[in-house]
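Novice: If you scroll down you'll find the structure; I have some questions about it.
The values are calculated or read from the model by the stated rules, or taken from the named source; none is laboratory data. For clarity, every value in this text was computed on a predicted model and none was experimentally measured. Cβ placement follows ideal geometry from the backbone for every residue including glycine, while neighbour counts extend to all protein chains displayed.
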Amino acid sequence: MRHIAYIALGANLQEPLRQLQQALQHLAEHAAITVLACSSFYRSAPVGPQDQDDFINAACRISTELAPDALLAQLQRIESAHGRQRLRHWGPRSLDLDLLFYDDLVLHDTQLTLPHPRIAERAFVLYPLHDLLGDAPLPDGRVWAQLWPGVAGQRIERLHTSD
């Protein structure tokens, strides 16, 4: 059985745009994952420590045969292959892949919470998701009018493909 999932991508080290493009390629190469759509790329201010470069962010919609925990493990393998090190909470990273939604599943365990608990707090997640969903509600039923005010003050800009 195939499932629809949404993944947020971010990086601010080691040529971040290239890191995201390669991560999308790695996802597409997995036999149990089909990348259905990808958002535009965005430049955003870091959340947390400000003594780091801006992030490049995107989101993608995939179809997968993997269970949520297996998909999370695959995302973490891709992060590791890109040199991801978890040295500082919300610190700089070569690649960050977050599972945002998996169908309409609600899950709370020690390894994974679905939907991702901070979606509504982050412009760098909402803008790429809006690219994918348009004005349709999020998979958990929230509507955009409820979400935009919470990220109104966050700096984010859409990149042109030549950036």
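Novice: Given the criterion within 23 Å of Gln111 (Cβ to Cβ) and surrounded by 15 or more Cβ atoms within 10 Å (Cβ to Cβ), identify the matching residue among Leu9, Leu24.
Specialist: Exactly one residue qualifies, and that residue is Leu9.
Novice: What's the number of the only condition in (1) assigned to a loop (DSSP other than H, G, I, E, B); (2) modelled with pLDDT of 95 or more that Arg93 fails to meet?
Specialist: Failed condition: (2).
Novice: Another one. I need a count of the residues in segment 31-62 that are closer than 20 Å to Asp104 by Cβ, under 15 Å from the mean Cα position of the chain (by Cα) and not hydrophobic (A, V, I, L, M, F, W, C).
Specialist: Count: 1.
Novice: Being outside any strand (DSSP E or B), in contact with a Lys or Arg (Cβ under 7 Å, 6 or more places away or on another chain) and either modelled with pLDDT of 95 or more or within 24 Å of Ala73 (Cβ to Cβ) (or both), is that true of even one residue in segment 97-115?
Specialist: The answer is no, given that none of the residues of segment 97-115 is outside any strand (DSSP E or B), in contact with a Lys or Arg (Cβ under 7 Å, 6 or more places away or on another chain) and either modelled with pLDDT of 95 or more or within 24 Å of Ala73 (Cβ to Cβ) (or both).
Novice: Same structure again: When both residues are 6+ apart or on different chains and their Cβ atoms are under 6 Å apart, which pairs have a first residue that lies in segment 96-107 and is on the phi > 0 side of the Ramachandran plot and of a type in the set (Gly, Ala, Ser), and a second that is buried (at least 22 other Cβ atoms within 10 Å of the Cβ) and in a loop (DSSP other than H, G, I, E, B)?
Specialist: The qualifying pairs do not exist here.
Novice: Between Ile56, Ile62, Ile4, which is farther than 19 Å from Pro139 by Cα, in contact with a strand residue (DSSP E or B) (Cβ under 8 Å, 6 or more places away or on another chain), surrounded by 13 or more Cβ atoms within 10 Å (Cβ to Cβ) and in contact (Cβ under 8 Å) with a residue 24 or more places away in the chain?
Specialist: Ile56
Novice: Can you tell me which of (1) within 26 Å of Leu159 (Cα to Cα); (2) surrounded by 12 or more Cβ atoms within 10 Å (Cβ to Cβ); (3) modelled with pLDDT under 95; (4) of a type in the set (Asp, Glu) is the one Asp131 doesn't meet?
Specialist: So Asp131 meets the others, but not (3).
Novice: Now a separate question. If you check every pair at least six apart or on different chains, which have Cβ atoms under 7 Å apart with a residue in segment 8-31 that is touching a residue at least 24 places away in the same chain (Cβ under 8 Å) first and a residue that is among the small types (Gly, Ala, Ser) and surrounded by 23 or more Cβ atoms within 10 Å (Cβ to Cβ) second?
Specialist: As it stands, the answer is Ala8/Ala59; Leu9/Ala23; Leu9/Ala58; Leu9/Ala59; Gln19/Ala11; Leu20/Ala11; Leu20/Ala58, since those pairs meet every condition given.
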